[in-house]
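What follows is a single structure, written as structure tokens, with notes after it.
The values are calculated or read from the model by the stated rules, or taken from the named source; none is laboratory data. Here the structure is a predicted model, which is why all the values come from computation and not from measurement. Cβ sites come from the backbone with ideal geometry, for glycine too, and all protein chains shown count toward neighbours.
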Amino acid sequence: MGTVIDRKNIKELCLKLKKENKKTVFTNGCFDILHIGHVRYLKESAKYGDVLIIGLNSDSSVKKLKGETRPINNELDRAELLSELNFVDYVVIFDEDTPQKLLDEIKPDIYTKGADYTLETLPEASVVIKNGGKVEFINLIEGKSTTNVIKKITNK
């Protein structure tokens, strides 16, 4: 079971993990309505290192990215739910549209993102590489998305 950690404490935690020679993996997202696509993606991400840290978009950043009707679940509920997955070590909520600042603080060994991105289309890739990290792309499960869950529920 993981821990929801305050943003102001994440840098110190990551320095401690590095001193302990722990290989850190970071990924991020909205994770609004948790589904099997999310779980498989996160489980695969965890395999790349010793500690999995999830950067969770805050409610305000989800609204900016996804529209006024989102998120369905608030940030504290989403964070707690993610932290209950046995392969998740830490969840940290961030307000920005992208996790570039957070990545600069965390300096993960590995940054995972869905294979719908490439190094060229991923704005935060340069921050990861600049800090000596590596970007790994994980195949997504076709048709599994929060948007599709919402469409199914609302018949839209």
Which one of the conditions (1) of a type in the set (S, T, N, Q); (2) free of Cβ contacts under 8 Å to residues at least 40 places away in the same chain; (3) assigned to a strand (DSSP E or B) does residue 69 fail to meet, given that it meets all the rest?
(3)
May I ask you to list pairs of residues, at least six apart or on different chains, whose Cβ atoms are under 6 Å apart, with the first in the range 73-90 being surrounded by fewer than 16 Cβ atoms within 10 Å (Cβ to Cβ) and the second being acidic (Asp, Glu) and not in a loop (DSSP other than H, G, I, E, B)?
74/59
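Inspect all residues belonging to the range 107-116 and state whether any of them is of a type outside the set (Ser, Thr, Tyr) and free of Cβ contacts under 8 Å to residues at least 24 places away in the same chain.
no
Take residue 32 and decide whether it is in contact with a helix residue (DSSP H, G or I) (Cβ under 8 Å, 6 or more places away or on another chain), more than 18 Å from residue 85 (Cα to Cα) and among the acidic types (Asp, Glu). Quick ask: steps written out before the conclusion?
Numbers: in contact with a helix residue (DSSP H, G or I) (Cβ under 8 Å, 6 or more places away or on another chain): yes; more than 18 Å from residue 85 (Cα to Cα): no; among the acidic types (Asp, Glu): yes.
Against the criterion (in contact with a helix residue (DSSP H, G or I) (Cβ under 8 Å, 6 or more places away or on another chain), more than 18 Å from residue 85 (Cα to Cα) and among the acidic types (Asp, Glu)), residue 32 does not qualify.
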Residues of the range 117-156 being surrounded by 11 or more Cβ atoms within 10 Å (Cβ to Cβ), modelled with pLDDT of 90 or more, among the charged types (D, E, K, R) and out of contact with any strand residue (DSSP E or B) (no Cβ under 8 Å at 6 or more places or on another chain), in sequence order, are 130
Kindly check whether there is at least one residue in the range 50-58 that is more than 12 Å from the chain's Cα centre (by Cα), assigned to a strand (DSSP E or B) and either surrounded by 20 or more Cβ atoms within 10 Å (Cβ to Cβ) or not hydroxyl-bearing (Ser, Thr, Tyr) (or both).
yes
Checking residue 95 against (1) buried (at least 17 other Cβ atoms within 10 Å of the Cβ); (2) over 24 Å from residue 36 (Cα atoms), which single condition isn't satisfied?
(1)
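Would you call residue 42 aliphatic (A, V, I, L, M), without any contact (Cβ under 8 Å) to a residue 40 or more places away in the chain and either out of contact with any strand residue (DSSP E or B) (no Cβ under 9 Å at 6 or more places or on another chain) or not in a loop (DSSP other than H, G, I, E, B) (or both)?
Details: aliphatic (A, V, I, L, M): yes; without any contact (Cβ under 8 Å) to a residue 40 or more places away in the chain: no; either out of contact with any strand residue (DSSP E or B) (no Cβ under 9 Å at 6 or more places or on another chain) or not in a loop (DSSP other than H, G, I, E, B) (or both): yes.
Here the answer is no, as residue 42 does not meet what is asked.
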Please work out which one of (1) over 24 Å from residue 122 (Cα atoms); (2) under 14 Å from the mean Cα position of the chain (by Cα) is the condition residue 17 fails and give its number.
(2)
When every residue in the range 14-28 that is within 13 Å of residue 50 (Cβ to Cβ) and in contact with a strand residue (DSSP E or B) (Cβ under 8 Å, 6 or more places away or on another chain) is compared, the one surrounded by the fewest Cβ atoms within 10 Å (Cβ to Cβ) is 23
